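Right, one structure below, let's go through it.
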Amino acid sequence: MKKLIYILTILILTSCGNKTKEGGIPAINTLGRDEMIDESNVEIKDVKPKSPILKEPPFNPKELDYEIIKPGFFVKERFADLETQDKYGVRMMEFYDEENTVFYVSRILTEALQDPKVTLENNFDDKMAFATDLFLLSPYYSKGKIEPYIYYNYWFNEETFKVVPRYNIEEYTKTYVSEDEQRLIDNQIKVLVDYANENYDNNYDKAYYFAQWLAENNSYHYDGSDEDLIENNMYGALVKGHSQCSGFAQAFAILCQKVGIPCYSVTGNTEEKVKPEGYSGEHQWNVIKLSDNWSYVDVTGMVANGRSYYFYYFDRSKEEFVDYYVSGFFNDIEEYIR
């Protein structure tokens, strides 16, 4: 019995002296200097610093090199004042990649969310709606280069706002242009702009020349078919000579802008006596600034009605265009028309 007690005592004392517990962390041993690793013997390869250049650098915003002259209307549901709208309209164009038809909107959205003068909720749907509003305003900040009507889809992912032309044919109507068609458009624009600059010395005469040329060299394309598509675009108005209102309005706006005349297209109704909601309508015509005031021009009316009606549709006041109802998106733009 005494022997058994002795053995048990020895086992207990041995167990208490063990400094490691099962499942625990081993005790830290203190090493002497002679037991430490000699780091001078550790070989480190000579590695050069990695390149600081990004594989996909962010879009570099461009500085606009032109003066913006437009009617002073603004989207009051979004902005507290016109100055704020102009700020973001310019920003949208600074972050526009023309080659890929992409607006880089992430920085614009971040800035707008923190701006007390902008109405914008921090959710996907309202961010997309805000970018869409800026896109619809873009003709007024791009010297007319962007025409929302020719686009069909918007692809939005909070970094970019991608616009895609209407590549599908709707009711025998084509609004997009091919690269070859665009080349012909550019050639015709240059011919007309050069002629206007050489032969006319004031904005009124240049603008009227463009409108008359379009009227003389076009017919209104009423009905299309599979074999005869309606080219409701600048190709139809400037090259084919057979188009509809959007083609005439877009062509007239670009021609005027090329010689420094502020001119844009608007959408709305003329047959239905009501102001359409949003950016919509059955018709498209132009607002133009020829002196100190803005006025209306409807090249479609000139084309459809003939020479004796040319002046009736050129440089007209809102009282003279009493049956023209501008789309709701443009809000108070009619207040700027003489």
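Among N123, N293, N153, the largest mean-square fluctuation in a Gaussian network model of the chain, built with springs joining Cα atoms closer than 10 Å, belongs to N123.
Distance from the alpha carbon centroid of the stretch 98-167 to that of the stretch 41-67 works out to 28 angstrom.
For L137, L229, give me the order by solvent-accessible area with a 1.4 Å probe, most accessible first, ignoring ligands, DNA and RNA. Numbers along the way, then the final one.
Details: L137 0, L229 50 Å².
From most exposed to least exposed: L229, L137.
Between the Cα long axis of helix 82-94 and the first principal axis of the chain there is an angle of about 70°, rounded to the nearest 10.
Using Cα atoms only, what is the angle between the long axis of helix 245-258 and the major principal axis of the chain, expressed in degrees (0 to 90) to the nearest 10? Taking Cα atoms only, the helix is inclined about 80 degrees. With axes computed from alpha carbons, what is the tilt in degrees of helix 203-216 against the longest principal axis of the chain, rounded to the nearest 10 within 0 to 90? That works out to roughly 80 degrees. Taking every protein chain into account, the 1.4 Å probe leaves Y235 with about 50 Å² of accessible area, to the nearest ten. To the nearest 10, the accessible area of R91 is 50 Å² with a 1.4 Å probe. Ligands, DNA and RNA excluded, the heavy atoms of S291 present near 80 Å² of accessible surface to a 1.4 Å solvent probe. Using the 1.4 Å probe convention, the accessible area of the stretch 184-338 works out to 44 Å² per residue with neighbouring protein chains retained. Across the stretch 86-129, Cα pairs under 8 Å and at least six residues apart give a relative contact order of 22 percent. Of I53, I169, the order by accessible heavy-atom surface (1.4 Å probe, DNA, RNA and ligands excluded), from most exposed downward, is I53, I169. Accessible area ranking (1.4 Å probe, heavy atoms, ligands and nucleic acids excluded), largest first, for E159, E198, E179, E319: E179, E198, E319, E159.
On average, how much area does the Cα convex hull of the chain cover when viewed from any direction, in nm²? Mind showing how you got there, number by number?
Values: hull surface 144.0 nm².
Average projection, Cα convex hull of the chain: 36.0 nm².
Compared with the direct C-alpha span, the chain from Y172 to Y154 gains 4.2 nm at full extension, assuming 0.36 nm per residue. Amide H contacts under 5 Å for G268: E282, H283, S327, restricted to partners 5 or more places along the chain or on a different chain, H placed in the peptide plane at 1.01 Å from N. In the chain, the DSSP-assigned H stretches of four residues or longer account for a calculated mean residue ellipticity at 222 nm of -10000 deg cm²/dmol, using -39500 (n - 2.57) per stretch and the full residue count as denominator.
The values are calculated or read from the model by the stated rules, or taken from the named source; none is laboratory data. In this text, all values refer to a predicted model and were calculated from it rather than measured experimentally. These area figures cover heavy atoms from the full protein model, side chains too; ligands, DNA and RNA do not enter into them. Shrake-Rupley method; radii C 1.70, N 1.55, O 1.52, S 1.80 Å.
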